[in-house]
Amino acid sequence: MNDRSVVTDIDPNYPYPTLEEVDSWDLDTAMEFLNSRDIDYSFCESLEEIIMLIKKKLLEVQLNELGIVNDEEMIVDSQSLVKELLDKNTQMKNELVAIYKCLMKFLESEKIQGSAIEEVLSQVYLNYKDNLVSRCNELLNEKCPIVVAGETSAGKSSFLNLLLGPDSELLPHSLLCATSTICRLHNSQEKKFIYFENEQQASRPETLDGAATCEDLQAKLAPFVSSRERSKEKHSYVDIFWPIPMIQDPIIIVDTPGIGESKEMTDKLLGYLPNAVAFIYIISSDNAGGIQEDRLLQILRELKRLDSEGKSIFDPKCAIFVCNKWDLVVKSGEEEKVWKDTLTKLQKGWPGVEESQVFKMSTTNALRLRTRLGITKDFKELLLGLKKLVPLTLEARIKQHYKWMNRFISKLESNVASHISHARATQEERKKLRHAVLGRVNKLRIHSNEVRKKLHSEAQERCKELADNLFQHINEEDVRNRLFTWDVTDAPTLGSFDMEVLRYKAELKIMDRFQAILNEWEERNNNMKTLSDSLTRRFCEECNVLDEECQQINLMMEKPSYSPRYVAEVENPEAQEKNHIFGRKEAFTLIITAPVWIPLAIVASVIFMPIGIGMMIRDNNRVARERKDYEANKPMKMQEWAKEFLEKKLTKDKIDAFINDVYLKEYEKKIKTVCEEHIPRQIAADENTVNAIANELRSSTEIFKQYCPIQKEIQGIKGHLLLFDLKYFACDLVPAENVTEIGRISSGSFADVLKVNWRKTKNDIVIAALKCPRNKPGNHEIFEQLTEVQCLRACQCQHIVKLYGVLYDSRVTNGTVQLLLELCDETLESYIFGHPDRICGMHKDLPGRMEAFRIYVAMMTGICDGLAYIHHQGYLHRDLKMSNVLIQNGIPKICDVGLAKMVELTTGTFAGTITHMAPEVMLGKLYTFSADVYSLGIILWETWYGREAYKTDEFKDVSPIYLLQYIKDGQRHTFKKFKPWPRLESLISKCWHQDDSLRPEVLDIKNEILEIEADVNIIT
């Protein structure tokens, strides 16, 4: 006999069977097992339920022995998890609200009020102050509704009673007392409800004592919420406050009447959707035909309207579809057919829906079995789905706010940088800038108009093509035969209906057949998908082009106007393309989503739906004849009505109008939003900015005095926003407990670098470097630290030190941002200076010099690749030197990008190491990529000679102050003993040229070095 534990309420001397054995039992065996142990099973209605009961008894002991929680404990744990997630969401909201308020306070300050910045913001973001207040209030709105809706009498209230738990069956769920009032359920220790006749008029709270039961509440609610009691009253809603552990503040559950029950109720339901954290749609699976697609269409249309108005909408992926009354489907024996049909209709009616969003459910069985058998498998799966859904939705809503604020602040930051960058420009240079920018703006205006016409023309042509194909298909012989061929069983039964009702029912059947034809046509040819994909792609392509043009104009204003290279780029757009500046950033200007597309057959089911029955004076004799004729030949009458439907509703003109109304007009709204609203506002803002720069008469000192403090304050606000992103959205945030110090690598002025063990996974330990800033950062320091993080994230390249992750924990890292980096062997400085054989300038003999030169080429071309990648991402390094290039397995990797900055945001900041600092940086001028090229030129000289810059004999007696002046005046190192080949010497001299516009591009330097190597190899 097997050594098994025994069920506690069963004879301990009797071993219990395995779950697998129980599955194979027949009814007699199962009943004998239960009878012998006096276990009640009178509530069970099938062998399946008896087997479930036995398994539950067996599992209770097994789970208890293993310390595993049961279903009820799982719900409690789920509630705790939901509370934890909601607490986190509240914390995120509070932090984001604090940033909103900080931004609003800044925008209300004297620095901004009445300034050119305020005017630009007002042009790009209409009513931006009201918008900021509205967005902030939206976050402060604590209530996060889970909206429950569905088809009439689908069992919504019963489902909610199941969801809320055994002690929270609050809503009447008889089919005769179906909810006709919106009920909002709140978790509260006080038991009460408040009835509203309308949005403003609330009744006095109906308070129940603490001992009141759910039945007491239902009795009091019945007059307010049931359709039978409320049939003659105005529609309203009720707030119900009750202890409901399943929901935690700020979540509320909104129970709504059936979709389509009345326009007023449907409109109220749709009003909750934009803020919904989840949308649960209950389907009556026993209903012939399943889903009522016209109901889903109403929801999709509302989403479309909100989207076209630029309002936030909930993600359709945040919907759950519950196929209720599934027990009746199982009894019918058509489970597979109904499931497949349900999925097909949902996928057509709710674009993008996945099978994981659809759940089978028998609310009746789940409620009946809950106290005896626990949570059913289907209900458990739905609970898990809901538990995953809510936090994702909450996070998505927070992300929308974060992205909008990030775009807003970036536009603000860019505008301020434009004013600073041209502070030292002459009036002539500003005049040239205005001429160039206005020229580009005019081109953008013309191009935007061309895009509008082109997209409209293309959409018109594609929609006409679709309409033509549809009309042709409808009039094909086999389709017409299918529409016109009916048998007696297809026709509706006359019964006691008059002919008007009968005609309406017949047209519904004709419409169903037409819809089936449309569905099959779409499945075969993907006409709608092809059209929507094509138009969406073209819309996005043209928006990207327009946005790139807007960004180019912004960059023209942000870059220094007095650089000859700048002038060349303005006059030669191809020169800009070569620099790969554009296309690297998120589109800040055109925040327009592509149109929302609704499947063809669903729209047709509503557009061509027969009109409801009206009242008319009837000729009784004529009606009698019609009834007799119909009964005598139903198929012929159906054919007659089908021909009339085809001839009246499916004409060429009506098909054209149908496609245009549903698809073309919506598409044109999007085009108009871009080309007639957003682009003109951007153009007006750019014209305003460039005119303000051109008309500026103040000195650079006065301009800096106004704008530099503004820039610093903006960057402080942005620093907090970037920190918010790091804490809550970053994928590379590393827990501090996963990192252990094993040594110290180096110490700098502002940070220490430690050697650490990083537990990447349970069985994977990586030795890495950890860069730890010493002091707790202020607002601006946070911005600088996170700028380095952004740069390293953007610059994933073989020749740039890899960022593994970021550590940020205010309790452990003292509020600093610590970088977990790839550990390298040594610096380029020690790699070259510590090995004379690797120094070209120390070899008199050609073979030794050539061997060293091969290393030189590998190092310098690798640095060029890394620097070119940094520039390609739009960043300047600003502190390139040999000690900031590391070597790993002979591969050079640029590191220490702490001073890196987006090129368009450089404003003459003094940054870098003096010996490697370009003259324009020392002079406080605006600088671009060429400042890094200057530093690269110094490294080319140092690596050749194996000497630190400006530490040779010719500069040994020069003090730092005079050295600065020498560099500003253009004095550089000379090429003496064992000089580089003439072509390399010329290249180095070009790199550190006094005129930044004459310095070569980084990739040109790399190619030149490779060509020199090839020439030298031929010669030697």
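Brief remarks on what is shown
- Built amide H within the under 5 Å cut-off of Val806, gap 5+: Leu733, Val734, Leu820
- Neighbour-count ranking [beta-carbon atoms within 10 angstrom, fewest first] of Lys509, Lys325: Lys509, Lys325
- Site pair Glu458 and Leu328 shows an inter-label distance of 4.9 nm when each label is modelled 7 Å from Cα along Cα→Cβ.
- Spin-label pair Lys56-Asp487: with each label point 7 Å from Cα along the Cα-Cβ axis, the two points sit 4.7 nm from one another.
- Note on region 828-1019: dipole from Cβ charges, positive end direction compared against Val933, Leu923, Tyr950; the farthest Cα belongs to Tyr950.
- The 3J(HN,Hα) values that the Karplus relation (6.51, -1.76, 1.60; θ = phi - 60°) gives for region 244-255 are, in residue order, 10, x, 5, 10, 10, 4, x, 6, 10, 10, 10, 9 Hz. Gly and Pro appear as x.
- The residue among Gly748, Leu823, Asn763 whose Cα reaches farthest toward the positive pole of the charge dipole of region 730-823, with charges on the beta-carbon of Lys, Arg, Asp and Glu, is Asn763.
- The lysines within cross-link reach of Lys345, meaning a Cα-to-Cα straight distance under 21 Å and a gap of 8 or more places when in the same chain, are Lys156, Lys304, Lys317, Lys325, Lys337, Lys360, Lys509, Lys529.
- Annotation: the residues Val330, Val766, sorted from fewest to most other C-beta atoms within 10 Å of their own C-beta, follow the order Val766, Val330.
- In order through region 536-553: 3J(HN,Hα) via Karplus (6.51 cos²θ - 1.76 cosθ + 1.60), integer Hz, x for Gly, Pro: 5, 4, 5, 4, 5, 4, 5, 5, 5, 5, 5, 5, 5, 5, 4, 5, 4, 5
- Under 18 Å from Lys432, Cα to Cα: lysines that are on another chain or at least 8 residues apart: Lys443, Lys559
- Extended-chain gain in nm, criterion 0.36 nm per residue less alpha-carbon gap, Leu384 and Thr701: 107.9 nm
- Segment Ser24-Ser986, extension gain: residue separation times 0.36 nm, minus the distance between their alpha carbons: 337.5 nm
- Cα shape, region 730-823, gyration tensor, a/c 1.5 rule: rounded
- Cβ-derived FRET efficiency at R0 22 Å, His835 paired with Lys977, nearest 0.05: 0.70
- Calculated FRET value between Asn1017 and Ala736, using beta carbons and R₀ = 60 Å, to 0.05: 0.70
- Amide H contacts under 5 Å for Ile280, placed H, 5+ residues apart: Val147, Val148, Ala149, Ile320
- Stretching the chain fully between Lys129 and Lys669 yields a gain of 191.8 nm (0.36 nm per residue, less the alpha carbon separation).
- Partner lysines for Lys718 [C-alpha distance under 17 Å; skip if fewer than 8 residues away on the same chain]: Lys93, Lys101, Lys105, Lys399, Lys403, Lys411, Lys585, Lys727, Lys901
- Summarising the strand pairing of region 730-823, around 95 percent of its internal DSSP beta bridges are antiparallel.
- Calculated FRET efficiency, Ile745 to Met850, Cβ-Cβ distance, R0 = 41 Å: about 0.75 to the nearest 0.05.
- Distance between modelled label sites at Glu206 and Val812, nm, 7 Å Cα→Cβ extension: 5.4 nm
- Exposure proxy shown here: for Ser24, Ser122, Ser157, the number of other Cβ atoms within 10 Å sets the order, fewest to most, as Ser24, Ser122, Ser157.
Here, each number is a calculation from the coordinates, and none is a lab measurement. Computed from a prediction, not measured in an experiment: that's the story for all the values here. FYI the Cβ positions are ideal-geometry reconstructions off the backbone, even for glycines, and counts take in every protein chain you see.
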